[in-house]
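What follows is a set of notes on a single structure, which appears directly below.
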Amino acid sequence: MKKTKIRYTGRLKLYLQWPVLLSLPLIVMTAAICLTNLRAGAIACCFTAFYLIFFSALYFTAKSRVMIDLVSFASQYGQIQKHLLDEFSVPYGLLDIDGKVIWMNQRMRALLEKGNRYHKSITNLIPEIPSEKLPAGPEPAGFSFLMNEHSYHAEIQRICIDGWDTSANLISIPDGQSYLYALYIFDDTELRKVLRANEEQRLVAGLIYIDNYDEVLDSTDDVRRSLLLALVDRKIDKFIGNYHGIMKKLDKDKYFIIIKQKYLEVLEANRFSLLEDIKTVNIGNDMKLTLSIGVGVNGVSYTQTYEFAHAAIELALGRGGDQAVVKDGNAISYYGGKSQQKERSTHVKARVKAQALREFISARDDVIIMGHKITDIDTFGAAIGIYRAARVLGKRAYILIDENSSSIRPYLNMFRGNKDYEEDMFINHRDADELADTDTVVVVVDTNRPGNTEYPELLTKSKTIAVLDHHRQSSDVIANATLSYIEPYASSACEMVAEILQYFGDGVKLTAIEADCVYAGIIVDTNNFVAKTGVRTFEAAAYLRRCGADVSRVRKMMRNDMPSYKARAEAVRHAELFLDNYAVSILPHGDLDSPTTVCAQAANELLNITGVKASFVLTDYNDQIYISARSIDEVNVQIIMERLGGGGHLNIAGAQLKDVSLEEAKEQLKEVIQIMTDEGAI
């Protein structure tokens, strides 16, 4: 068998061959000298011969030694690398394609308390690193976890080992699996402590407004008013001082506060106890004081933090007051809001909004009115009222209704085919696209959330948008509204529209059937003047009666058919009491035309049971789970529904859930109620 000699290659071969290459020009030079001068040539020949003999002897005698030294150096170099890697200050290890441990250095073995004989999945040692989430590409994957009261960050890098199986015939690697994973673990406990400390020292800006300043003063004797205000100032100042903050009075009923961010967590844990403490201030005032608090957090500058605080206080006021709102960038948290907002007796705001709406409509050619999806009678009645206002001004008006329920069909039929009304009074999405332009006013009624409107895309087609709604605001609002009139104390959108119509120029006279629609909206949302009914509600009803609204006619149109009545009775019969105070039931809608309406009726019925503080009825409709929530005055169902992505009023709210079954939605609802009860939020 022919032996294969070890040969030098690469740069080392070139480096060792340069004396041979140099000997060639040396021989040529010696021959040239001989031809020129024999004596000089003889001397040159002796030198050249000595060079060749010396080089040959050196090359052949030192070749084996050089090879031995190179092999020894490579071995020592590999051992040094291995030694350095094993004693590397960062925990380091290798994983196979399944996430099983192949090798760990000393730091890794000490951290995980395992030896190099451990070859099981890394998930068994660090559950936060699941094998199915190992990186599939060259980009590293990061994981954070806690161990032995320390915080760690793990980074896993995919290492390609293509060609390893060709360099040595030792292993066979399947196609597509020629890679390993390198695992690094960094202890970032101290870094997190420093970052946490820095974050806790950041300043938080806040605004505190007294909701009912004028009303409380009016209910207090003149001699006690100054004392009352002094007690309020002292109460707020002492409360903020307990958290080492600063309070500055901006106006008679407005305060600016600054605290450190670490104390904000305490305030949130206590759910801003100042909201309840301020209600204990009583020196003869008949009405309790309530506050609204807006806090801004984590702005890129102090100016932006203050802007966050201002946006938060506006949201708190728009939601009815008596609550705190914390705005952290786009994230918004709500606290309080347990009490019903008191009705304001002044009509100034309604008159100002009515005049502004009149100006907007007068300056445009067309008016498109739309409400929320699955139009109910409150939405329909409010739309009819705005339609009449636009027609009084001589403008073309259209009501966008693409999907209607059986609850409004009787009212809808009164206008269709009626010669007193245009045939294109009601339009769909396609018609709205053709009509909408820069000279169109879009009036949104009975909702202030863009995603809940009948046709959200319409909001981008007009420059003039007016919003009239009685629901409490959430973080998701129609941002580009030119006119926004949101009054959470109002019983219904129909009440607001009826009030506006009285200040719309010289007043607007509704026809009898139009008055019936607006009146019906008030009756439904107040549950026959039982819930959320104030002085202005009856004033609006009186105006509608003067316009020709007939109570008997409205009542006949509001009657249910037999299947709906039976379904409502079944929902009440199968209701269960959760935590002794919350009635929860599922509506067996079957073939009901409008199960959401019956769902709301069943929720109202459950409130008639002694001991029920709030009722929740669920139904399945259009591949969604609808939840109707109702209460009288003890529980704020709005904040419960907000946890499920919905909203509404303190005592009337709802939510829609997707991709869940009725039973799963029911369990989610119970879980939210349990959590909020444990937190003290309800």
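Annotations
- For region 372-387, the condition holds for at least one residue, the condition being that it is under 31 Å from the mean Cα position of the chain (by Cα) and of a type in the set (Lys, Arg).
- Residues that are more than 20 Å from residue 522 (Cβ to Cβ) and of a type in the set (A, V, I, L, M) were ranked within region 402-446; the one that is surrounded by the most Cβ atoms within 10 Å (Cβ to Cβ) is 442.
- Segments classed as helices (runs of 4 or more DSSP H), wholly inside region 454-561, with at least 2 members that are touching a residue at least 40 places away in the same chain (Cβ under 8 Å), closer than 27 Å to residue 394 by Cβ and among the small types (Gly, Ala, Ser): 493-502
- Test: residue in region 184-207 that is modelled with pLDDT of 85 or more, within 24 Å of residue 142 (Cα to Cα), touching a helix residue (DSSP H, G or I) at 6+ places or on another chain (Cβ under 7 Å) and among the hydrophobic types (A, V, I, L, M, F, W, C): yes
- Residue match in region 385-403 (condition: modelled with pLDDT under 90, in contact with a strand residue (DSSP E or B) (Cβ under 8 Å, 6 or more places away or on another chain) and within 30 Å of residue 599 (Cα to Cα)): yes
- In this structure, residue 209 qualifies as among the hydroxyl-bearing types (Ser, Thr, Tyr) and in contact with a Lys or Arg (Cβ under 6 Å, 6 or more places away or on another chain).
- Matching residues, region 447-494, being of a type in the set (Asp, Glu) and buried (at least 23 other Cβ atoms within 10 Å of the Cβ): 454, 469, 487
- Scanning region 324-345 for any residue that is among the basic types (Lys, Arg) and at pLDDT 85 or above turns up at least one such residue.
- Residue identified as in contact with an Asp or Glu (Cβ under 8 Å, 6 or more places away or on another chain) and surrounded by fewer than 21 Cβ atoms within 10 Å (Cβ to Cβ) among 378, 365: 365
- Helices (runs of 4 or more DSSP H) within region 25-127 that include 1 or more residues within 26 Å of residue 188 (Cα to Cα), in contact with a helix residue (DSSP H, G or I) (Cβ under 7 Å, 6 or more places away or on another chain) and modelled with pLDDT of 85 or more: 106-112, 122-125
- Inter-residue pairs, beta-carbon under 6 Å, first within 26 Å of residue 112 (Cβ to Cβ) and in region 177-199, second among the small types (Gly, Ala, Ser) and surrounded by 11 or more Cβ atoms within 10 Å (Cβ to Cβ), 6+ apart: 183/93; 185/154; 188/151; 189/151; 192/151
- One residue alone among 476, 516, 446 is within 30 Å of the chain's Cα centre (by Cα) and over 25 Å from residue 363 (Cβ atoms), and that residue is 476.
- A search for C-beta distances below 6 Å between a residue of region 406-424 that is within 27 Å of residue 596 (Cβ to Cβ) and any residue that is of a type in the set (Asp, Glu), counting only pairs 6+ apart in sequence or on different chains, returns 406/593.
- Residue match in region 608-615 (condition: among the small types (Gly, Ala, Ser), surrounded by fewer than 17 Cβ atoms within 10 Å (Cβ to Cβ) and not in a loop (DSSP other than H, G, I, E, B)): no
- Meets criteria (within 25 Å of residue 648 (Cβ to Cβ) and either part of a loop (DSSP other than H, G, I, E, B) or not β-branched (Val, Ile, Thr) (or both)) for residue 309: no
- Count of region 354-378 residues, restricted to those that are of a type in the set (Asp, Glu) and touching a Phe, Trp or Tyr at 6+ places or on another chain (Cβ under 9 Å), is 1.
- When region 488-516 is filtered for residues that are within 14 Å of residue 347 (Cα to Cα) and either in contact with an Asp or Glu (Cβ under 6 Å, 6 or more places away or on another chain) or not charged (D, E, K, R) (or both), the ones remaining, listed by number, are 489, 490, 496, 497, 498, 500, 501, 502, 503, 504.
- Scanning region 586-634 for residues that are more than 29 Å from the chain's Cα centre (by Cα), over 19 Å from residue 561 (Cα atoms) and among the polar types (S, T, N, Q) turns up 608, 610.
- One residue stands out in region 142-171 among those that are at pLDDT 85 or above, in contact with a helix residue (DSSP H, G or I) (Cβ under 8 Å, 6 or more places away or on another chain) and more than 15 Å from residue 93 (Cβ to Cβ): the one that is surrounded by the fewest Cβ atoms within 10 Å (Cβ to Cβ), namely 150.
- Residue pairs whose Cβ atoms lie under 6 Å apart, separated by 6 or more positions or on different chains, with the first residue in region 135-152 and polar (S, T, N, Q) and the second not in a strand (DSSP E or B), are 151/188; 151/189; 151/192.
- Candidate set: region 576-591, residues that are in contact with a helix residue (DSSP H, G or I) (Cβ under 6 Å, 6 or more places away or on another chain) and in a loop (DSSP other than H, G, I, E, B); chosen: the one surrounded by the most Cβ atoms within 10 Å (Cβ to Cβ): 587
The values are calculated or read from the model by the stated rules, or taken from the named source; none is laboratory data. Fair warning: this is a prediction, and the values are worked out from it, not measured in the lab. In this analysis, Cβ positions are derived from the backbone assuming ideal geometry, glycine residues included, and neighbour counts consider all displayed protein chains.
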